[in-house]
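Below: one structure, written as structure tokens.
We did not get these values from a lab; they are worked out from the coordinates using the rules stated. Source: prediction; values computed, not measured. Cβ coordinates were reconstructed from backbone atoms using ideal geometry, including for glycine residues, and neighbour counts include every protein chain displayed.
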């Protein structure tokens, strides 16, 4: 483990800064004093404006003492000081995330695939693709999802939903129609890959390169279809007052896929990949094992699709469908924690098994339930939904207090062996911690361990989902401590972490070298606004440079960070 990447003798803080009314924290790994102060730079003169006591952080993850300076709300340039230590300067300002949001938005344009000159490569994959057994079909367009050339159907939409939400929340001065153009670019591609019966064409993008790729008549994994409904419905709402005809097209596309997914046409068995690529997705058939009719993840995604489609159709049957799914989902919550079983049987949790993609975490479930309460606040089951949301949020907050960084766990699982205990700080920074015991559903009285992990593969996606969920939980319950923890997830991504590194290319400092895998040439260049999937010790290991998957860009994470920033800015009246 390359422990040299953990910073000492520094004051760590969000590299960019904070909106005035947001929670504001710093972390000092080894403070020379137990007090800290905040200084403001005005007319080239530093003036102390606040002081406070440091509080020792929890005993999990890397050690640190925490300073809370949330009362500092005036616009200005600031610095944290403790003894002889001084932080970088940062800004408090309602528009502090305006420029970062523009960079994140531009990532989508730069990552375009197809007939465009606005991306980072120029026109590419104009001959996509080969529909196996049929022949050529126009599937050009879309985006390169990550630090590769794939445009995975289940993945792009995760990022594009964040893009649409940004467009709905923000009206930046520089827009001039560029946001609508980008939203349409993503929708156009997804409309191409919907079959006449409402299903979707699948692809794993073989061969991986700059030539045409294979597509297949069979469906992609279930989340690709549920999220396509949600994405197209979001776009229909976005275009409602901008382009009524295109809004109608998006709505009709969402309805077509919805009718397919709620009919007998939807495949009932486990997703089986039509082919396996030579690198990166060998377990592609196992990534979606938690998605089947009646599973927790499938129910949550169906709820999200139904709610968004209801917003543009006002069909009451959609809300009732979502409510029925929520009732089924409630039955899967563990009595011993706020986690959910994968489904009606077995001993896997909804957010973890040995192969499940980490894109689908507890935050996803919580967001869908919160959206359902907003859509149907007077429903007879709304009290149960609210109680579940509060229980989930309380667990996230309680666990975030076990480490100095306010980080929420991203992975929960049930295991036989005890999770490695954190006897001292930093003993187990990237491993599993015990949460409690749970009775094995298969064997009855046998008890097993519920464990959690803060920084598994792809965790930046999970903590942004947690931030989005906690913001909604705060709105529903009035508990402002949820917003505090939501802001700390964004702080982590923007540099307030043990590595003093921003995960956003071109925003903040000390980004790790981007992942390069040798799958194709030329490789993905540095793209401003890209977000890496997670910061780990291995992200900064020079022995792994050139082949470090943890430094990979990923559009779903970009979309979620953009969405969180847009919501934080909206709360400031931006």
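Working from the Cα coordinates of segment 154-313, the gyration tensor eigenvalues give, after taking √(5λ), semi-axes of 27, 19, 14 Å in decreasing order.
With a cut-off of 8 Å between alpha carbons and a minimum separation of six or more residues, what is the relative contact order of segment 252-381 in percent?
Contact order relative to length: 24 percent.
Stokes-Einstein diffusion for segment 322-377, with the hydrodynamic radius set to the Kirkwood value over Cα pairs and evaluated at 20 °C in a medium of 1.002 mPa s, equals 177 µm²/s.
Indicate the gyration tensor shape class of segment 285-432 (rounded, prolate or oblate), computed on the Cα atoms with a ≥ b ≥ c the square roots of the eigenvalues: a/c under 1.5 is rounded; otherwise a/b larger than b/c is prolate and the rest oblate. Because a/c hits 1.5 or more and a/b exceeds b/c, segment 285-432 counts as prolate. When the P(r) is computed for segment 1-95, the part past 24 Å accounts for 20% of the Cα-Cα pairs. Calculated FRET efficiency, residue 398 to residue 55, Cβ-Cβ distance, R0 = 22 Å: about 0.85 to the nearest 0.05.
Estimated from the Cβ-Cβ distance and a Förster radius of 25 angstrom, the FRET efficiency linking residue 7 and residue 42 is about 0.30. Relative to the longest principal axis of the Cα atoms of the chain, helix 316-330 runs at roughly 60 degrees.
Based on DSSP H runs of at least 4 residues, each adding -39500 (n - 2.57), what is the mean residue ellipticity at 222 nm of the chain after dividing by all its residues, to the nearest 500 deg cm²/dmol?
Value at 222 nm, helices only, nearest 500: -11500 deg cm²/dmol.
Give the calculated FRET efficiency between residue 447 and residue 475 to the nearest 0.05, with a Förster radius of 30 Å applied to their Cβ-Cβ distance. Computed FRET efficiency for residue 447 and residue 475: 0.20.
One quarter of the surface of the convex hull around the alpha-carbon atoms of segment 20-167 equals 13.9 nm², the direction-averaged projected area. Gyration tensor analysis over the Cα atoms of segment 458-527 returns equivalent ellipsoid semi-axes of 31, 14, 8 Å (largest first, whole Å). Across the chain, C-alpha contacts under 8 Å between residues 6 or more apart give a mean separation that, scaled by the residue count, equals a relative contact order of 18 percent.
Of all DSSP bridge pairs formed entirely within segment 1-95, close to 95 percent run antiparallel. Approximating the spin labels as points 7 Å out from Cα along Cα→Cβ, the residue 259-to-residue 285 distance works out to 3.3 nm. So if I take the centroid of the Cα atoms in segment 211-286 and the same for segment 448-506, what is the distance between those two points in Å? If we compute the Cα centre of each part, the gap is 28 Å.
Three principal axis extents of the chain based on alpha-carbon atoms, in descending order, are 70, 61, 50 Å.
Legend: translational diffusion of segment 137-182 by Stokes-Einstein, Rh = Kirkwood radius over C-alpha pairs, 10 °C, 1.306 mPa s; D = 130 µm²/s. In terms of the mean number of neighbouring beta-carbon atoms within 10 Å, the peptides 98-110, 495-507 order highest first as 495-507, 98-110. Judged by the gyration tensor of its Cα atoms, with axes a ≥ b ≥ c, segment 432-574 is oblate; a/c meets the 1.5 cut and b/c is at least as large as a/b. Helix 153-169 and the long axis of the chain differ in direction by around 60°, with both axes built from C-alpha atoms.
Apply the a/c threshold of 1.5 to the C-alpha gyration tensor of segment 117-235 and tell me whether it is rounded, prolate or oblate.
oblate
Working from label points 7 Å from Cα in the Cα-to-Cβ sense, the residue 173 to residue 345 distance is 6.2 nm. The modelled label-to-label distance between residue 70 and residue 380, using points 7 Å beyond Cα along the C-beta direction, is 3.9 nm. If I fit a long axis through the Cα atoms of helix 555-571 and take the longest principal axis of the Cα atoms of the chain, what angle between them do I get, 0 to 90°, rounded to 10? Tilt of helix 555-571: around 60 degrees.
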